[in-house]
Structure formats: C-alpha cells, structure tokens
Amino acid sequence: MMKKFIVPILSTIVLSTILIVVFQTIPLTPMLASVQGRDVDVLMRALLSLSSVIFSLVVSFVLYSVVAFRRRPGDLTDAKPVYGNVTLEVVWTVIPLLIVLGLGAYGATQVVELHKPPSERAMVVEVTGSMWAWGFFYPDYGFTSTELVMPVDQPMLFHIQTVDVIHSFWIPEFRIKIDAIPGILNHVELTPTEVGSYQAVCAELCGTAHAYMVAPVRVVTMEEFVQWVLEQQEAAGCVGPLADEGSQLANDFGCFGCHATDSHVHLGPSFRGLYGSQRELEDGTVVVADEEYLRNAILLPGAQVVKGFANVMPKDYRERISPEDLQTLIDYIKTLK
Ligand code: CUA
C-alpha cells in the first residue's frame with residue numbers, strides 16, 4: 001500500500017529541493033537598492049519556494065500515475081471507481097487554506113510596515129506624473145527637477161500625484177511601486193542604500209508615450225547632494241518669497257512635468273530665458289514672449305504653438321487657474337532669466 005507513494009514522494013523531495021536551491025540563488029531581479037525592498041525580495045523568494053514544492057508534488061504524482069497505472073497489454077477491465085475520500089479532501093483543503101492565510105498575514109504585515117508614519121528625518125519630494133513625464137519638487141529647497149536625486153541612506157518621503165491620468169511611479173531597484181491617481185495624494189517612504197544611477201519609470205499604461213515616461217534617478221553622497229541642491233537653486237532662481245510661491249504654484253499645476261527651469265528642453269520649452277525671448281511659431285511668424293504672450297500660452301495653449309513642439313499643453317487652465325495665481329506664475333517665469 002505505502003509502496004506506491006515512495007517514488008512520487010521521493011521525486012517531490014528531490015525536484016522541490018533542486019527548484020528551491022535554484023530560486024534562492026539565481027539573480028531574479030535587478031540589484032536591490034533600498035531598505036524597504038528587502039522584504040519584497042524575501043517574500044518573492046518565499047513564494048517561489050512554496051510554489052516549487054506544490055509544483056513538484058503535483059508533477060511527481062501525475063507523472064508517476066501515468067507510468068505506474070497505465071493500461072497493460074491485454075487488460076480490458078475498467079478502473080475501480082472511487083467515491084470520494086474525506087481524509088484526502090480535508091487535507092487538501094486545510095493545508096492550502098493555512099498556506100494562503102499565512103501568506104496573507106505576512107503580506108499584510110509588510111503593507112502595514114510600508115504605511116507606518118514617516119520617520120522624522122525623512123526628506124520630502126513631491127512626485128508629479130503627467131503625460132508623459134515625471135517632475136520632482138523639493139519643497140524644502142524650493143525647486144523642481146526632471147531628475148530625482150537623493151542622498152544615500154536618507155529616508156525619502158514621496159508624495160505622489162498626477163495632473164491628468166493614472167500613472168505609476170516605479171524604480172525597479174527600489175522594488176516599491178505606487179500609483180499616481182487623479183484626486184488622490186499617495187505616499188511612500190523609501191530609503192536608498194546604494195550610490196548609483198537608476199531610472200524611474202511609469203508602470204501604468206497612460207497613453208501613446210507611456211513607454212517614454214522615464215526619469216533619471218541618482219543616489220549620491222550627502223556632499224554631492226548638497227552641491228546639486230545649490231546648483232539647482234541657483235538655476236531655478238530660488239531666491240525671495242516670490243520665486244518660492246511661483247515654483248510651488250508651477251509644481252501644483254504640473255507645469256514642471258513638461259517645462260524645465262534649466263536649459264533642458266522637455267515636452268515643452270524651458271522656462272529659463274523664456275521671458276522676453278523671440279519665439280518662432282508653427283506658421284513661421286515670430287513673436288516676443290512678453291507678459292501677454294505668456295498669459296495666452298497658459299490660457300489658450302493651442303493658439304500660438306512654438307515651432308518644434310507638439311500641441312499637448314492641457315487646455316483646461318482657463319478653468320483651473322485664478323487671475324492672481326496666473327500673475328504669480330508669470331512673475332515667476334519672468335524671474336527665470
Ligand atoms: Cu504614465 Cu504610463
């Protein structure tokens with residue numbers, strides 16, 4: 001009676017041991033570069049190991065049955081009918097139930113861990129997704145960057161929002177992925193552990209340029225970070241309350257998703273040096289970017305599209321922006337010489 005179990009059970013043990021060793025040792029994911037990502041990796045490898053056992057068990061018994069209980073030549077009898085087996089049914093219900101409950105509990109503790117109140121020394125970055133770019137606003141320093149730069153071993157608190165459709169903020173080396181949802185401010189805390197260059201990508205299909213919604217990410221030493229902040233502040237003209245208020249507004253309205261404050265040209269022209277410059281339009285006419293031009297460009301974006309740029313500026317600022325905010329924004333752009 002027991003003899004027919006020996007082969008498949010031995011096969012299960014051997015096969016699952018091999019699979020577990022493989023899954024525990026081969027590199028399955030990009031390098032790990034955050035504190036919070038460790039648990040994700042542990043959970044993933046635990047799931048694979050558990051799946052290896054179940055996979056081996058099923059495959060071993062199926063293959064053994066196919067071979068051991070095949071119809072012999074000349075055997076014309078029917079198989080013996082089987083009417084249920086209470087013990088077996090209880091076992092194969094209770095064991096998977098316990099496994100699923102255990103995994104659920106483990107996953108839940110991980111989620112709680114991720115959503116615990118941010119640590120006191122976390123540095124805030126407001127991440128804004130827009131079709132199709134990421135903008136990073138550093139409220140403590142008053143500037144926005146199209147590149148995410150972080151000091152190594154510094155807890156970072158990301159506030160994640162979108163100005164249009166759903167995007168998903170994901171740095172694969174950090175493991176955690178979080179959606180940017182219209183009308184909702186999401187949060188996640190991450191602590192980078194490895195100096196290096198990475199990429200933040202969008203993990204939610206958000207339109208034709210979804211695949212290009214990629215932002216550079218750098219983890220640097222604290223000294224390099226301070227140096228970078230000083231450079232950005234200088235470039236963004238972050239001096240005086242006007243510039244602070246203006247850059248905050250520009251961030252809230254999602255301007256930085258497309259317009260840089262340094263010399264970079266993104267989906268839209270850079271704000272730097274914009275005011276007073278000559279702009280060649282689609283139809284070849286040349287206009288001066290004075291205050292009226294800036295006002296029109298914000299309120300009636302399709303009217304004077306600058307040559308070389310697509311007409312992708314959102315058309316609803318007319319309804320969303322108050323006259324005072326509009327003036328603040330224009331004054332802010334004027335400071336970016
Ligand atoms: Cu944003 Cu895909």
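The values are calculated or read from the model by the stated rules, or taken from the named source; none is laboratory data. On a predicted model such as this, the values are computed, not experimentally measured, just so you know. Reconstructed Cβ throughout: ideal geometry from the backbone, glycine too, with neighbour counts over all protein chains shown. Ligands, DNA and RNA are stripped out before the accessible areas are found, and what is left, the full protein with its side chains, is counted by its heavy atoms. Shrake-Rupley method; radii C 1.70, N 1.55, O 1.52, S 1.80 Å.
In the chain, the calculated helix contribution to ellipticity at 222 nm averages -13500 deg cm²/dmol per residue, counting -39,500 (n - 2.57) for every DSSP H run with n ≥ 4. Size of the range 93-139 from its Cα atoms: along the principal axes, largest to smallest, the extents are 52, 32, 7 Å. Computed from the alpha carbon atoms alone, the convex hull of the range 58-100 holds 79 Å³ per residue. Taking other residues whose beta carbon is less than 12 angstrom from the beta carbon of residue 306, and scoring Lys, Arg as +1 and Asp, Glu as -1, yields -1.
Looking at the range 266-337, the accessible area is 54 square angstrom per residue; that uses a 1.4 Å probe and ignores ligands, DNA and RNA.
Judged by the mean number of other Cβ atoms found within 10 Å, the most tightly packed of the peptides 306-313, 246-253, 317-324, 45-52 leads the ranking 246-253, 45-52, 306-313, 317-324.
Roll a 1.4 angstrom probe over the protein heavy atoms and tell me the percent of accessible area of the range 166-220 that is carbon or sulfur. Before the final figure, lay out each step's value.
On the way: 1400 of 2450 Å².
Reported share for carbon and sulfur atoms: 57 percent.
Report the charge-dipole magnitude of the range 60-120 in Debye, nearest 20, computed about the Cα centre from +1 at each Lys and Arg Cβ and -1 at each Asp and Glu Cβ. All intermediate terms of the calculation are to be shown ahead of the outcome.
Numbers: 5 positive and 5 negative charges, 81 e Å.
Dipole size: approximately 380 debye.
In the frame of its principal axes, the range 1-112 has Cα extents of 65, 30, 20 Å, reported largest first.
Using the alpha carbon gyration tensor of the range 61-166, what are the three equivalent-ellipsoid semi-axes (square root of 5 times each eigenvalue), largest first, in whole Å? Spell out each step's value before the answer.
Details: eigenvalues 720, 79, 33 Å².
Calculated on Cα positions only, the semi-axes equal 60, 20, 13 Å.
Got the relative contact order for the range 267-332 handy, in percent, Cα pairs under 8 Å and 6 or more residues apart? It would help to have the intermediate numbers written out before the result.
Values: 63 pairs, mean separation 18.2, N = 66.
Reported as a whole number, the value is 28 percent.
A simple spin-label model places the labels of residue 77 and residue 61 2.4 nm from each other, with each point 7 Å out along Cα-to-Cβ. With K and R counted +1 and D and E -1, the other residues having a Cβ less than 14 Å from that of residue 29 yield a net charge of 0.
Once the mean of 1/r is taken over each pair of separate Cα atoms and inverted, the range 10-65 shows a Kirkwood hydrodynamic radius of 12.3 Å. Each 10 Å bin from zero holds the following percent of Cα-Cα pairs in the range 281-329: 26, 53, 20, 1.
For the range 48-130, the carbon plus sulfur part of the accessible surface works out to 73%, probe radius 1.4 Å. The Cα center of the range 182-206 and the Cα center of the range 78-131 differ in position by 23 Å.
How high is the relative contact order of the range 122-170, in percent, with contacts defined as C-alpha pairs under 8 Å that are six or more residues apart?
Details: 79 pairs, mean separation 22.4, N = 49.
It rounds to 46 percent for the range 122-170.
For the chain, compute Rh as the Kirkwood radius over C-alpha pairs and then the Stokes-Einstein diffusion coefficient at 37 °C and 0.692 mPa s; write the answer in µm²/s, rounded to an integer.
Numbers: Rh = 24.2 Å.
Estimated via Stokes-Einstein, D reaches 135 µm²/s.
Based on the Kirkwood radius over alpha-carbon pairs, what is the Stokes-Einstein translational diffusion coefficient of the range 140-253 at 4 °C with 1.567 mPa s viscosity, in µm²/s?
Numbers: Rh = 15.3 Å.
For these conditions, the coefficient is 85 µm²/s.
As an equivalent ellipsoid, the range 186-337 spans semi-axes of 29, 20, 16 angstrom, where each value is the square root of five times an eigenvalue of the C-alpha gyration tensor, largest first. Summing Lys and Arg as +1 and Asp and Glu as -1 over all other residues whose Cβ lies under 13 Å from the Cβ of residue 186 gives a net charge of -3.
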